[in-house]
Amino acid sequence: MVSGAQIQAWREQVRAWQAKPRPQAEESIALRVLVQVLVAIGIVATDIAANTQTSWWAVPISFGGAYWSWRQRRRRNLGAQMAIALGMLVALAVFFRALLGNLGDTRLALAGLLIHLQVLHSFDLPRRKDLGYSMLIGLILLGVAGTLSQTMMFAPVLVAFLAVALPMLILDYRSRLGVAPGDREWQGLGQLVQPGQMARLLGVVAVLGLVVFTLLPRFPGYQLRQFPVAAPPNLADQAFEQEDRAGDIRNPGYGVDGRAIGGGTGGSGRGQTDNTFYYGFSSTIDQTLQGQLEPKLVMRVRSQSPGFWRVLGFDRYTGRGWQISRDQQVQNLNRPGWSYRFIIPPEAASAAETKDVVQSFTVLSTLPNLVPSLARPSELFFPTRQVAIDPEGAVRSPRVLDEGLTYSVISQVPYRDRSRLRRTGDRYPKRIREHYLEVPPALKDRLRVEAEAMLAKAPNARSDAYERSLFLAQTLKQTYQIQPDLPPPSAQEDLVDAFLFKYKGGYPDHFPTALTLILRSLGIPARLAVGFAPGQFNPFTGLYEVYNTDAHAITEVYFPGYGWFAFDPIPGHPLIPPSIEKWLPAPLRSWLDGVFGAIAGRLMEAAAWLLGLLAGGWIGIMGAIALALLAGGLLWLLILGGRAWQRRRRLAGLAPIAALYQELTDWLAEDCPRSPWQTPLEYAAAYEQAITQLGGGPGAADRLALLQLVALSYSAWRYGDRPVDVTALRDQWQQVRRRDRSRAGGWAGLPVRLARQARSSGAKLLGRN
């Protein structure tokens with residue numbers, strides 16, 4: 001039972017709460033409007049990036065709540081606050097429901113929670129601090145949209161966000177200083193934020209942002225082991241069916257059910273490939289098929305490093321193509337029910353130094369049930385309950401990869417250390433010799449002779465497997481031609497024989513096939529692999545855009561103790577497929593090497609000329625000294641001129657009173673340097689304290705009075721929109737400077753100058769301490 005005394009105590013507490021002074025309300029309509037516009041941009045950006053239309057309703061309701069909050073800003077609104085608290089509990093329940101429905105990617109669930117909270121929060125925005133919470137929500141929503149966006153549609157939204165954020169921050173700062181908004185607030189804002197200045201500022205921010213984004217998009221940033229996963233209906237929680245052979249490959253370009261088991265001539269059986277699906281994604285492929293793919297965007301990839309998105313490997317050559325000899329020897333992998341994470345067993349132990357590279361793939365067009373990734377995947381985050389891995393390292397899904405699928409992979413990508421790979425020797429394990437040295441008997445001797453003839457043309461002896469593989473790949477690339485219009489082969493004609501000795505070229509995928517058999521004929525284990533080139537990198541989204549036409553074959557060579565490394569002999573392709581590097585990407589490193597090499601060469605020439613000059617006796621030595629003094633003087637003048645030009649350019653872009661204040665603080669820096677965080681009035685107070693501690697001096701009072709006048713005038717202009725007579729202030733400054741020069745002129749003024757320099761040194765020393 002509640003006693004009467006307790007009820008009375010509660011009443012007293014309520015009365016005391018009601019008697020408390022109400023918090024100061026934010027009166028700036030412009031600030032409130034810009035905050036709501038900023039939040040609306042964040043909401044719209046989230047829907048655009050996620051390609052949904054589930055949050056647009058929040059924009060008008062948020063504006064309506066903000067208008068109601070403005071009308072009620074001076075009231076306590078206890079009932080509304082209680083209703084908001086109940087609404088937040090409901091929003092939390094909705095969030096947990098959405099979270100449990102998609103544990104693979106929680107970003108949209110979190111964005112939905114923030115949007116619900118913002119809608120409720122918009123009905124209670126009396127103070128500037130409350131508006132600050134809305135600003136933070138808008139910024140977070142834009143960040144979420146940035147992580148979700150995969151197209152350029154995010155760019156105009158980002159520009160709009162920056163255009164609104166700049167004047168909003170100015171108004172927020174004015175509010176923090178206690179400047180009343182006044183009746184001409186919008187006009188004053190227009191004077192503060194001039195269109196030309198804003199355009200230049202936005203341009204600088206955009207350029208700097210793009211430079212930083214281009215340099216840092218793929219640096220290691222994933223620290224958690226839970227990555228983006230999203231599943232279309234046909235893939236969620238799927239497993240291999242019992243009546244199917246485990247791990248069967250389904251390529252929609254190979255017939256009704258997409259299977260190509262044991263044959264796989266592809267297309268319609270008339271020697272033509274499908275014009276959408278790459279023919280090589282099958283357990284058996286026929287490389288004599290004719291046809292051409294029509295370009296179609298199939299994937300977007302976010303990766304810390306570019307690379308060959310490997311799909312499948314082949315070990316048995318058929319004379320017309322390749323097949324996987326152990327197609328049914330797949331290993332089924334299961335994941336736990338509470339996580340999307342699969343642990344992928346490695347093919348074999350490797351001594352190579354590796355780096356974990358995280359990739360996230362978004363499928364934009366239906367693909368076979370093969371999971372692309374960088375070589376040597378170690379962890380897969382995938383929505384099905386099962387996946388399978390075959391002996392060639394390919395990962396297979398129970399269903400085809402439909403549009404809308406997002407999955408992530410962690411690959412242990414090896415560094416390609418050329419010196420170590422050259423020393424691996426030729427002691428291959430039995431499992432490697434059994435499957436990756438097979439060559440048709442009728443072709444083996446002929447291929448070996450041709451390979452040795454190619455190696456004989458090398459400028460240096462190529463005795464190790466790595467250098468031989470590299471040279472032979474380069475030879476095929478430079479000697480043979482891509483011939484897209486080959487005549488149909490006869491039934492008994494061998495593909496590689498015709499490529500090397502009859503046509504001197506062939507289709508692009510014939511090149512890695514020929515290289516693979518040539519290496520096998522020399523006793524070097526090799527296999528064919530198919531997948532996608534990295535695609536076109538979009539610096540604005542940070543994603544690689546991969547088309548079906550990026551699919552092609554490569555040759556993988558085995559090095560004992562280090563595993564498989566790829567070579568690409570196709571003309572027009574990099575000889576070594578893109579991969580991780582220790583420092584800089586190969587093209588950039590090559591360009592920098594050329595630049596620094598040219599600079600070093602010029603410096604060496606100059607040094608040689610200088611040494612020749614010094615060797616010319618006393619005249620040469622004196623000439624070298626004079627030349628050094630002249631060069632040093634010119635360099636010093638150039639530095640001073642550059643600084644002066646930069647200063648004049650910087651001051652020319654400022655308002656007259658701002659330029660005057662900047663020049664004055666630079667002039668007074670000898671007595672008291674200004675810190676970047678100090679406001680004009682704070683600097684004037686610090687200057688007065690500094691000259692007092694140092695004993696003042698001739699003209700100190702004049703300089704202090706001038707600084708205080710300019711600081712007050714600058715603050716009145718900057719934060720109060722008041723006009724300032726800059727001409728009169730400059731005249732006063734010139735008078736002070738003339739009086740200072742008259743006091744310090746000639747030898748008589750030397751003590752004054754020395755005293756001022758001493759005060760300057762003392763001020764800097766005090767600032768450091």
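The values are calculated or read from the model by the stated rules, or taken from the named source; none is laboratory data. The structure displayed is predicted, hence computed values, not measured ones. Don't worry about glycine lacking a Cβ; one is built from the backbone with ideal geometry, like all the others, and counts go over all protein chains shown. Note: areas computed on protein heavy atoms with side chains; ligands, DNA, RNA excluded. Shrake-Rupley method; radii C 1.70, N 1.55, O 1.52, S 1.80 Å.
A few notes on this one:
- Scanning the range 545-564 for residues that are open to solvent by 10 Å² or more (accessible area, probe 1.4 Å), assigned to a strand (DSSP E or B) and on the phi < 0 side of the Ramachandran plot gives 545, 547, 551, 552, 556, 558, 564.
- Among the residues making up the range 13-37, a single one is modelled with pLDDT of 75 or more and open to solvent by 70 Å² or more (accessible area, probe 1.4 Å): 29.
- Residues of the range 336-354 classified as open to solvent by less than 60 Å² (accessible area, probe 1.4 Å) and touching a Ser or Thr at 6+ places or on another chain (Cβ under 8 Å), total: 1
- Residue within the range 233-242 that is at pLDDT below 70 and either part of a loop (DSSP other than H, G, I, E, B) or closer than 24 Å to residue 374 by Cβ (or both) present: yes
- Look at the range 468-492: where a residue is under 23 Å from residue 440 (Cα atoms) and surrounded by fewer than 15 Cβ atoms within 10 Å (Cβ to Cβ), no partner that is at pLDDT 95 or above and β-branched (Val, Ile, Thr) sits 6+ places away or on another chain with Cβ atoms under 7 Å.
- Odd one out for residue 406 among (1) open to solvent by less than 10 Å² (accessible area, probe 1.4 Å); (2) within 23 Å of residue 106 (Cβ to Cβ); (3) of a type in the set (Val, Ile, Thr): (1)
- Given (1) among the aliphatic types (A, V, I, L, M); (2) open to solvent by 10 Å² or more (accessible area, probe 1.4 Å); (3) at pLDDT 75 or above, number of the condition residue 246 does not satisfy: (3)
- Among the residues of the range 147-168, the ones that are farther than 17 Å from residue 40 by Cβ and surrounded by 15 or more Cβ atoms within 10 Å (Cβ to Cβ) come to 4 in all.
- Flag for residue 430 being over 30 Å from residue 501 (Cβ atoms), open to solvent by 40 Å² or more (accessible area, probe 1.4 Å) and over 35 Å from the mean Cα position of the chain (by Cα): yes
- Residue 401, sole failed condition from (1) of a type in the set (A, V, I, L, M, F, W, C); (2) more than 20 Å from residue 346 (Cβ to Cβ); (3) open to solvent by 20 Å² or more (accessible area, probe 1.4 Å): (3)
- Test result for residue 328, farther than 30 Å from residue 49 by Cβ, out of contact with any Pro (no Cβ under 7 Å at 6 or more places or on another chain) and not β-branched (Val, Ile, Thr): yes
- Listing of helices (runs of 4 or more DSSP H) fully contained in the range 601-714 that carry 3 or more residues being closer than 25 Å to residue 728 by Cα, open to solvent by less than 80 Å² (accessible area, probe 1.4 Å) and modelled with pLDDT of 80 or more: 656-667, 680-693
- Condition met for residue 314 (open to solvent by less than 10 Å² (accessible area, probe 1.4 Å), of a type outside the set (Asp, Glu) and under 25 Å from the mean Cα position of the chain (by Cα)): no
- Residue 454 meets the conditions (1) over 29 Å from residue 290 (Cβ atoms); (2) surrounded by 15 or more Cβ atoms within 10 Å (Cβ to Cβ) in every case but one. The failed one is (1).
- Residues being within 15 Å of residue 286 (Cβ to Cβ), assigned to a loop (DSSP other than H, G, I, E, B) and either β-branched (Val, Ile, Thr) or at pLDDT 85 or above (or both) - total across the range 487-507: 3
- The set of residues from the range 668-694 being touching a residue at least 12 places away in the same chain (Cβ under 8 Å) and over 28 Å from residue 174 (Cα atoms) comprises 670, 671, 690, 691, 693, 694.
- Of note, residue 718 does not satisfy the criterion of being modelled with pLDDT under 80, open to solvent by 80 Å² or more (accessible area, probe 1.4 Å) and basic (Lys, Arg).
- Total residues in the range 508-537 satisfying the condition of being open to solvent by 10 Å² or more (accessible area, probe 1.4 Å), in contact with a strand residue (DSSP E or B) (Cβ under 7 Å, 6 or more places away or on another chain) and not aliphatic (A, V, I, L, M): the figure is 6.
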